[in-house]
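Step one of this worksheet: look at the structure below.
Nothing in this text is a laboratory measurement; each read-out follows from the coordinates by a stated rule. These numbers come from a predicted model, not from an experiment. Here Cβ is always computed from backbone atoms with ideal geometry, including for glycine, and neighbour counts include all displayed protein chains.
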Amino acid sequence: MTQQIKKIAVFTSGGDSPGMNAAIRSVVRASAFNKIDCVAIYRGYQGMIEGDFKQMNARSVNNIINKGGTILKSARCEEFREPEGRKRAYEQLKKEGVDAFVVIGGNGSFTGAVKFTEEFNFPVIGIPGTIDNDILGTSYTIGFDTAINTVVDAIDKIRDTASSHNRLFFVEVMGRDVGHIALNAGVGAGAEEILIPEQNLGLERLLDSLKRSKKSGKSSSIVIVAEGDKTGKNVFELKEYVEEHLPIYDVRVSVLGHMQRGGNPTCFDRVLASRMGVKAVDSLLEGKSNCMVGVKDNKLILTPLAEAIKAHTEIDMELLKVSDIMTI
Ligand code: F6P
């Protein structure tokens with residue numbers, strides 16, 4: 001793909017994450033810096049199909065680096081899964097004179113991008129934006145750091161009341177396929193047990209661990225449960241199960257839900273997003289395509305999008321061990 005890039009489109013897609021605005025800002029300003037046009041697409045692939053474009057300049061992204069959510073809105077688009085939808089999207093891009101696009105999103109968004117480049121040989125770069133931190137080819141996705149800090153902050157507050165009433169809390173956090181949020185926030189907030197999709201130690205172990213906690217003198221406990229944990233029980237069923245088998249416990253449930261996706265991005269996420277946006281534009285101008293920008297050992301790298309969507313990142317076994325030791 002050696003065509004000269006004169007106009008780049010940028011959009012956000014899939015579940016939003018804090019820091020997406022910082023990434024949009026970075027792509028827009030890096031385009032301005034390189035004297036190429038930049039258009040924003042609203043509502044992800046849906047807006048691409050409908051031609052919902054807006055010309056951007058360096059001033060269009062003033063005062064958004066600190067804001068959660070995405071000023072461009074986001075969507076999960078069924079139509080783009082079909083060849084007809086992608087064809088309509090391509091025609092809209094051509095009509096607008098767009099030569100390449102930067103997609104900020106997660107696995108689903110990148111899967112769409114891979115199909116699109118295969119069909120239309122269209123230059124594309126991905127920037128990983130999701131709170132789940134589950135994308136191969138990067139140690140951190142934009143939004144993960146903010147999300148785990150939000151979760152830790154919430155659990156600190158829950159711990160206050162748990163401790164006042166000598167209660168056990170099951171706290172459900174996001175992560176339908178991976179346990180990165182649960183594991184990192186769990187260690188950071190000092191949870192007694194962390195239940196994640198990657199590891200099902202069974203309900204017996206949970207009961208044993210809670211018995212041990214009581215015996216060792218702990219008056220209150222926090223158990224973090226990732227949405228996609230494999231115990232076969234949701235947090236409310238876990239509460240009933242523990243109440244039935246360990247009546248000594250007074251149990252409560254807290255589902256943190258979408259508050260984990262909101263809020264002002266941390267400095268880490270803002271810096272990461274700013275770096276990735278610049279790298280995305282530079283990469284397109286160097287003739288690269290069909291890749292995702294990632295960070296490893298604090299260096300920016302490119303990974304083929306097709307690789308990035310192959311699997312989820314694995315959890316850190318060392319962190320699991322640390323968690324086990326801390327709950328003695
Ligand atoms: O992929 C990000 C994520 O926040 C997951 O952790 C969560 O399971 C899912 O999105 C929720 O999606 P929705 O906002 O569509 O309910």
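Can you give the convex hull volume of the alpha carbon atoms of segment 1-92 per residue, in Å³?
98
Going through segment 19-118, which trypsin sites (Lys or Arg not before Pro) have at most 12 other Cβ atoms within 10 Å and a DSSP loop state?
K35
Starting from the amide H of G19, placed 1.01 Å from N in the peptide plane, find each other amide H under 5 Å away whose residue is 5 or more places distant or on another chain.
So G19 has HN proximity to G69.
Within the set K54/K279; K94/K288; K7/K95, which residue pairs have Cα atoms separated by over 18 Å?
K54/K279; K94/K288
Can you give me the Kirkwood hydrodynamic radius for segment 271-328, using every pair of distinct Cα atoms, in Å to one decimal?
13.7
Treat the count of other C-beta atoms within 10 Å as a stand-in for reagent exposure and order I194, I125, I309 from fewest to most.
Arranged by neighbour count, lowest to highest, I194, I125, I309 become I309, I194, I125.
Can you list the residues, at least 5 places off or on another chain, whose amide H is less than 5 Å from the amide H of I222, using H built in the peptide plane?
F169, E192, E193
Please report H180, H312, H165 as a ranked list, fewest other C-beta atoms within 10 angstrom at the top and most at the bottom.
H165, H312, H180
Determine ³J(HN,Hα), in whole Hz, for all residues of segment 313-328 in sequence, where each value follows from phi through the Karplus function 6.51 cos²θ - 1.76 cosθ + 1.60 and θ = phi - 60°; x replaces Gly and Pro.
Result, rounded to whole Hz: 5, 8, 6, 7, 5, 5, 5, 4, 5, 4, 4, 4, 5, 5, 8, 4.
Rounded to the nearest angstrom and ordered from largest down, what semi-axes does the equivalent ellipsoid of the chain get from its C-alpha gyration tensor (root of 5λ)?
The three semi-axes for the chain are 42, 18, 17 Å.
I want the antiparallel fraction of DSSP beta bridges within the chain, as a percent rounded to 5.
Expressed as a percentage, antiparallel bridges in the chain total about 30.
Per DSSP H run of n ≥ 4, the term is -39500 (n - 2.57); total these for the chain, divide by its residue number, and report the mean residue ellipticity at 222 nm rounded to 500 deg cm²/dmol.
Calculated from helices alone, the mean residue ellipticity at 222 nm is -13000 deg cm²/dmol.
I'd like the orientation of helix 235-245 relative to the chain: the angle between its Cα long axis and the longest Cα principal axis, in ° from 0 to 90, rounded to 10.
Taking Cα atoms only, the helix is inclined about 10 degrees.
Among the aspartates and glutamates, select those whose C-alpha is under 19 Å from the C-alpha of K215, and discard any that sit fewer than 8 residues away in the same chain.
E192, E193, E204, E243, E244, D250, D324
Mind checking which lysines have their Cα closer than 19 Å to the Cα of K310? Skip sequence neighbours fewer than 8 apart in that chain.
K115, K296
Is the shape of segment 144-261 best called rounded, prolate or oblate, per the rule: a/c under 1.5 gives rounded, else a/b larger than b/c gives prolate, else oblate, with a ≥ b ≥ c the square roots of the Cα gyration tensor eigenvalues?
Oblate, since a/c reaches 1.5 and b/c is not below a/b.
Explain nothing, just compute: Karplus ³J(HN,Hα) = 6.51 cos²θ - 1.76 cosθ + 1.60, θ = phi - 60°, for every residue of segment 176-187 in order, whole Hz, x for Gly and Pro.
Each residue's phi maps through the Karplus curve to give 7, 10, 9, x, 4, 5, 4, 5, 5, 5, x, 5 Hz.
From the phi of every residue in segment 92-104, what ³J(HN,Hα) in whole Hz does the Karplus formula 6.51 cos²θ - 1.76 cosθ + 1.60 yield, where θ is phi - 60° and glycine or proline is x?
Per-residue couplings from phi come out as 5, 5, 5, 4, 7, x, 7, 9, 6, 9, 10, 9, 9 Hz.
May I ask for the equivalent-ellipsoid semi-axes of segment 36-190, computed as the square root of five times each C-alpha gyration tensor eigenvalue and listed largest first in whole Å?
38, 17, 13
Please rank E244, E314, fewest neighbouring Cβ atoms within 10 Å first, as an exposure proxy.
Placing the least packed residue first, the sequence is E244, E314.
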